[in-house]
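See structure below.
The values are calculated or read from the model by the stated rules, or taken from the named source; none is laboratory data. Remember, it's a predicted structure, so these values are computed and weren't measured experimentally. Quick reminder, even Gly has a Cβ in these numbers, built from the backbone with ideal geometry, and neighbours come from all protein chains shown. Accessible surface areas use protein heavy atoms only, side chains included; no ligands, DNA or RNA. Shrake-Rupley method; radii C 1.70, N 1.55, O 1.52, S 1.80 Å.
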Amino acid sequence: MTERVLIMGAAGRDFHDFNTAYRGRDDARVVAFTAAPGQNLGETTAGGHDRYPPALAGEGYPEGIPIHPESELEELIREENVDTVVFSYSDVSHEDVMHAGSRTIAAGADFEIRGPDTAMLEASVPVIAVDAVRTGCGKSQVSRALADELQSRGVEPAVVREPMPYGDLVEGRVRRFETMADLDEAGVTIEEREEYEQHIERGHVVYAGVDYADVIERAAAEADVLLWDGGNNELPFVEPDVHVVLCDPLRAGAETRYHPGEANLRMADYALVNKENSADEAAIEQVVENVESVNPAAEVLHADSVVSVADPDAVDGAEVLVVEDGPTLTHGDASTGAGTVAAEQFGAAERLDPEPHAVGTVADTLANYPHLDRVLPAMGYSEAQIADLEATIENADPDLVLAGTPHDLGRVVDVDVPVVRVRYRVDPTGWRFADLLDDHADALGLST
């Protein structure tokens, strides 16, 4: 009997689960994917796609695999005689995961989550994985610092990012970015730029894509060490030799309330508590206690997240419109980000509220996320969304835009307002990235 499977996803881990656990099997058939609401904002299906293409789905799927909105889950289970529903996306509360399970069971199917045995591929070179308990903890700050330290030793890293499969999926089977021109040519979204640009500025080659067996093989062919720079709080797609998981004391307690962030924490070699300079001591202690309760073997590291701008005097006394990292604010549930910290630190006179000035998809986003505190998420999954972002900025008429999003917003939006870029780095407390690498020199093939 052939098992009939439906995969619940958000255009990332769902495709990876299919590729690694179901593609090419005669005893199982994936009849559909569903796309989560809110994970890829402005789109009704995963990354704008309504089908996983046959060139990626492989033999047995000549028409590919359809992608439907998650709201149709029960109907699909009944119409497609689904035996098993696989939950395959990240940064979801435990309660919401089990709501999905309850919907599935009530409609007559089994409910399943794939684990690391199928999710984690093997690489031919050593791997450092940097993950988190929630999106927006500062993973890329840490992976950039580790890549810098490796390069300073003459060790060539390649950064492997979790997929953000917008655009043509077949063309994006394996994506390699070395220069800003590569990003421009690929027409990547703002969300992708947020994750790629600062690595490229520092001379780190970035790999991403859809088919991670091919991605990892290609990346390992040119690198001495792979750095998995995870998206959201997803499990690594490649088996790590060293696993660093970030926690955020500004959202204390989240480290044990979200999937698969808690699983990451339980598997971590290091739990890095970031942003301590912006958190109160009680929240930091709560995070440390939670780490020690679920993974007493993990070494707890402490760090600050330090913000900077090129011209602090430009911010002092200005009325600013703060633009922050989109995913951190939306499904990451943060009310502010690095731009807000910079506004306060460098003496902005006022943070303007964008909501009265918002148009189109930006207005919809602000209405959908009422927890936001006078900040504008950097939404840019399409030209229309970028146009709405530009119009909202112009309508607000600030003295300047304080851009806390990790990429260079000024490269993307065309506005008659100065855009001041906020940069931020992780500043270790009582330890060094060099020490972390030295402690694992043999496993990573490093000389000390």
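Numerical summary
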quantity	calculated
Entirely in the range 157-234, the helices (runs of 4 or more DSSP H) that have 3 or more residues that are under 26 Å from LEU446 (Cβ atoms)	190-201, 212-222
In the range 425-448, the residues that are open to solvent by 40 Å² or more (accessible area, probe 1.4 Å), farther than 30 Å from GLU185 by Cβ, of a type outside the set (Ser, Thr, Tyr) and not in a loop (DSSP other than H, G, I, E, B)	ASP427, ASP435, ASP438, ASP439, ASP442, ALA443
Complete set of residues in the range 74-93 that are closer than 27 Å to TYR212 by Cα and of a type outside the set (Val, Ile, Thr)	ASP83, PHE87, SER88, TYR89, SER90, ASP91, SER93
Criterion: within 27 Å of the chain's Cα centre (by Cα), more than 30 Å from GLU239 (Cα to Cα), surrounded by 16 or more Cβ atoms within 10 Å (Cβ to Cβ) and modelled with pLDDT under 90 - qualifying residue of GLY404, GLY410	GLY404
Residues satisfying the stated conditions in the range 292-313, i.e. at pLDDT below 95, hydrophobic (A, V, I, L, M, F, W, C) and in a loop (DSSP other than H, G, I, E, B)	ALA310
Neighbours by Cβ (under 6 Å, 6+ apart or cross-chain): first from the range 430-448, aromatic (Phe, Trp, Tyr); second modelled with pLDDT of 95 or more	TRP431/LEU301; PHE433/ALA145; PHE433/LEU146; PHE433/GLU149
Which listed residue, of VAL413, VAL422, is in a strand (DSSP E or B) and under 30 Å from GLU319 (Cβ atoms)	VAL422
Among the candidates ALA147, ALA109, residue that is closer than 27 Å to ALA21 by Cα and open to solvent by less than 10 Å² (accessible area, probe 1.4 Å)	ALA109
Selection within the range 27-36 - open to solvent by 10 Å² or more (accessible area, probe 1.4 Å) and at pLDDT 95 or above	ASP27, ARG29, VAL31
Members of the range 314-345 found to be part of a loop (DSSP other than H, G, I, E, B), among the hydrophobic types (A, V, I, L, M, F, W, C) and either surrounded by 24 or more Cβ atoms within 10 Å (Cβ to Cβ) or under 28 Å from the mean Cα position of the chain (by Cα) (or both), listed by number	ALA334
Tabulated pairs, the range 174-194, first under 14 Å from ALA208 (Cβ atoms), second of a type in the set (Ser, Thr, Tyr) and at pLDDT 95 or above, C-beta under 8 angstrom, 6+ apart or interchain	VAL174/TYR207; ARG175/TYR207; ARG176/TYR207; PHE177/TYR207
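To keep it simple, each residue is scored yes or no on (1) buried (at least 17 other Cβ atoms within 10 Å of the Cβ); (2) touching a helix residue (DSSP H, G or I) at 6+ places or on another chain (Cβ under 7 Å); (3) outside any loop (DSSP other than H, G, I, E, B).
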residue	(1), (2), (3)
GLU75	no, no, yes
ARG78	no, no, yes
VAL86	yes, yes, yes
TYR89	yes, yes, no
GLU95	no, no, yes
MET98	no, no, yes
ARG114	yes, yes, no
THR118	no, yes, yes
SER124	no, yes, no
